[in-house]
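The values are calculated or read from the model by the stated rules, or taken from the named source; none is laboratory data. Keep in mind that what you see is a predicted model, and the values were worked out from it rather than measured. With ideal geometry, Cβ positions are generated from the backbone for all residues, glycine too; neighbour counts draw on all protein chains shown.
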Amino acid sequence: MERRNTKLLCLLSATVFGAALAGCVDTRGTQSVVQAGPTTLQAVQVSVFTPRCAVSGCHVDGAPFGLDLRTGATAGNTIMVPSAEMPTLNRVTPFDATNSYLYMKVSGDPRILGDPMPAFGAPLSPQEVQLIADWINAGALE
């Protein structure tokens with residue numbers, strides 16, 4: 001019961017005070033599972049871009065349209081960079097996933113040119129697509 005109350009307190013603190021917590025520590029010094037705060041590029045990189053996009057034949061060195069999504073290259077190739085397919089749209093426009101071309105490509109938006117991404121393998125899961133949207137809508141934080 002004490003651990004449950006600690007988790008609730010952490011969640012309440014994050015909600016009320018807007019705390020960007022990496023986790024809360026209870027009185028016994030153990031970390032709870034509560035996570036709060038904006039989604040960062042690092043979270044998207046580890047969960048989506050590296051395992052699903054920055055793979056051989058896709059978004060690595062010599063990537064289509066120069067969109068290298070490897071760790072360390074993603075921010076400079078996406079944030080406020082015009083899309084090569086639709087230069088009137090940025091690949092990522094902070095705070096606006098709906099009009100960010102990268103999000104449009106992974107969500108299958110009908111406004112895209114070409115095919116939705118990823119080109120190979122299964123589509124991204126709804127959770128992976130949402131993680132990208134959350135990162136963009138939080139300001140595309142690095």
F65 vs. criteria outside any loop (DSSP other than H, G, I, E, B) and at pLDDT below 95: yes
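Give the residues of segment 91-119 that are outside any loop (DSSP other than H, G, I, E, B) and polar (S, T, N, Q), sorted by residue number. Reasoning before the result, please.
Looking only at segment 91-119, we keep the residues that are outside any loop (DSSP other than H, G, I, E, B), and these are 92, 97-99, 101-107.
Within segment 91-119, T98, N99, S107 meet the criteria.
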Matching residues in segment 93-141 - criterion: being farther than 20 Å from G66 by Cα, touching a residue at least 60 places away in the same chain (Cβ under 8 Å) and under 13 Å from the mean Cα position of the chain (by Cα): L124, E128, L131, D134, W135, A138, G139, L141
Pair list, Cβ < 7 Å and 6+ apart or interchain, from segment 55-75 residues that are without any contact (Cβ under 8 Å) to a residue 12 or more places away in the chain to residues that are of a type in the set (D, E, K, R): H59/D68; V60/D68; V60/R70; D61/D68
